[in-house]
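Here the structure is laid out as structure tokens; the discussion comes afterwards.
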Amino acid sequence: MKKYALLLLLISAQSFCQQVVLKGQVLNKRTKAPVAYVNLSFLKRNIGISSTEDGTFTLEIDNKQLNQKVHVSCLNYKDTIVVAKELQYKPLYLTPKNYELKEVVISKKLDREFEIDKFRRKDLKSGFGGTKGNPWIVAKYFRYEDVYKNTPYLKNVTVYFTSLVLRKRARFRIRFFKINEITGEPSEDLIKDDVIVNIKKIHGKIKVAISKFDIEFPKEGFFVGLERLHIPYNFYKTTYTMQGSRKKYKKVDVAPIFAGTEDSKNSCWAFESGKWFNWSKFMNKNQIKETSTPAISLTLSN
């Protein structure tokens, strides 16, 4: 009798933890057009996925997770929270944000530049990577200095990468955030333009031209965010061994791996599962002495 009871218990447990495929599509509520590169993250679990170019997504989860909440976020759209089962095989409509267009003043510009935080290879001490199923954004705060007043416009953003993994391609999004002056965390996007960086071959760094967006360095400072996209284009398989063991394990990582430098100013913030947190405080809380911030350089012009 005990054997039968144990068998029924095992069958019940297997049924409860049965894997299901969460599959759907994200559309613009106004135009009904697909929305690409939307991050969907479970609030209570470090799992998630990004929508592809046609707005579709596919994620394997436990059956019980269909009743859990998912945070949905994307540039130019209002964040929303839905129950996972509401995403199953039916469209999710995101509401676009309303932006007020700024007046553009065209003036003669001189060839004057100023570079902020230029790094050498020996300055890169760490990396910001991750495995498939855990979308996040890592952001670095840039404080305004009086020396920038003669070159107030953002011309280029240079992003550095680690040499841990050699990849031929990767795709990610750069975002520019205002600062929440109460909490110090990133808040609204500075621009509505979608800055998608497509790398055909990863070297040590990439310089992205952004002068066309006419971003003036805010007096209160701002954040540059690097958003990893959990799409098949960025997935790659790796094999590793645990310390003291010869057994090999396999996992799926997400490109690219952003390089990090030592952070002495608590300038790094990360966005995960629908909320921002200070990276340095998180590391200190977990008794990790060395803290880092993404290696990002800016070129200013007038």
Quiz item: Do the conditions hold for residue 116, that is, is it of a type in the set (A, V, I, L, M), touching a strand residue (DSSP E or B) at 6+ places or on another chain (Cβ under 8 Å), within 10 Å of residue 300 (Cβ to Cβ) and at pLDDT 90 or above?
Solution: yes
Quiz item: Does any residue in the stretch 55-78 that is assigned by TED's automatic domain parsing to the domain that holds residue 177 come within less than 7 Å, Cβ to Cβ, of a residue that is in a strand (DSSP E or B) and of a type outside the set (S, T, N, Q) six or more places away or on a different chain, and which pairs are these?
Solution: none
Quiz prompt | Matching residues in the stretch 27-50 - criterion: being in contact with a helix residue (DSSP H, G or I) (Cβ under 9 Å, 6 or more places away or on another chain), assigned to a strand (DSSP E or B) and not hydroxyl-bearing (Ser, Thr, Tyr) | solution = 40, 42
Quiz prompt | Failed item, numbered, when residue 170 is tested on (1) in contact with a helix residue (DSSP H, G or I) (Cβ under 7 Å, 6 or more places away or on another chain); (2) closer than 14 Å to residue 295 by Cβ; (3) of a type in the set (Gly, Ala, Ser) | solution = (2)
Self-check item: Candidate set from the stretch 233-254 (those that are outside any strand (DSSP E or B) and either in contact (Cβ under 8 Å) with a residue 12 or more places away in the chain or of a type in the set (S, T, N, Q) (or both)); member that is surrounded by the fewest Cβ atoms within 10 Å (Cβ to Cβ)
Solution: 243
Practice problem: Determine whether the stretch 197-217 contains at least one residue that is modelled with pLDDT of 90 or more, of a type in the set (Val, Ile, Thr) and over 25 Å from residue 117 (Cα atoms). | Solution: no
Self-check item: the stretch 144-159 residues that are closer than 15 Å to residue 302 by Cα, paired with ones that are β-branched (Val, Ile, Thr) (beta carbon under 6 Å, 6 or more apart)
Solution: 154/210; 154/215; 155/299; 156/299
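Table: residues versus (1) out of contact with any helix residue (DSSP H, G or I) (no Cβ under 6 Å at 6 or more places or on another chain); (2) farther than 23 Å from residue 144 by Cα.
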{"residue": "189", "(1), (2)": "yes, no"}
{"residue": "222", "(1), (2)": "yes, no"}
{"residue": "237", "(1), (2)": "yes, yes"}
{"residue": "258", "(1), (2)": "yes, yes"}
{"residue": "261", "(1), (2)": "no, no"}
Quiz item: Residues in the stretch 185-206 that are assigned to a loop (DSSP other than H, G, I, E, B) and aliphatic (A, V, I, L, M): how many?
Solution: 3
Self-check item: Matching residues in the stretch 79-97 - criterion: being acidic (Asp, Glu) and either over 26 Å from residue 174 (Cβ atoms) or not assigned by TED's automatic domain parsing to the domain that holds residue 38 (or both)
Solution: 86
Quiz prompt | Candidate set: the stretch 255-266, residues that are of a type outside the set (A, V, I, L, M, F, W, C) and at pLDDT 90 or above; chosen: the one surrounded by the fewest Cβ atoms within 10 Å (Cβ to Cβ) | solution = 261
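The values are calculated or read from the model by the stated rules, or taken from the named source; none is laboratory data. Keep in mind that this is a model prediction, so the values were computed, not measured. All Cβ positions, even for glycine, are placed from backbone atoms using ideal geometry, and neighbour counts span all protein chains on display.
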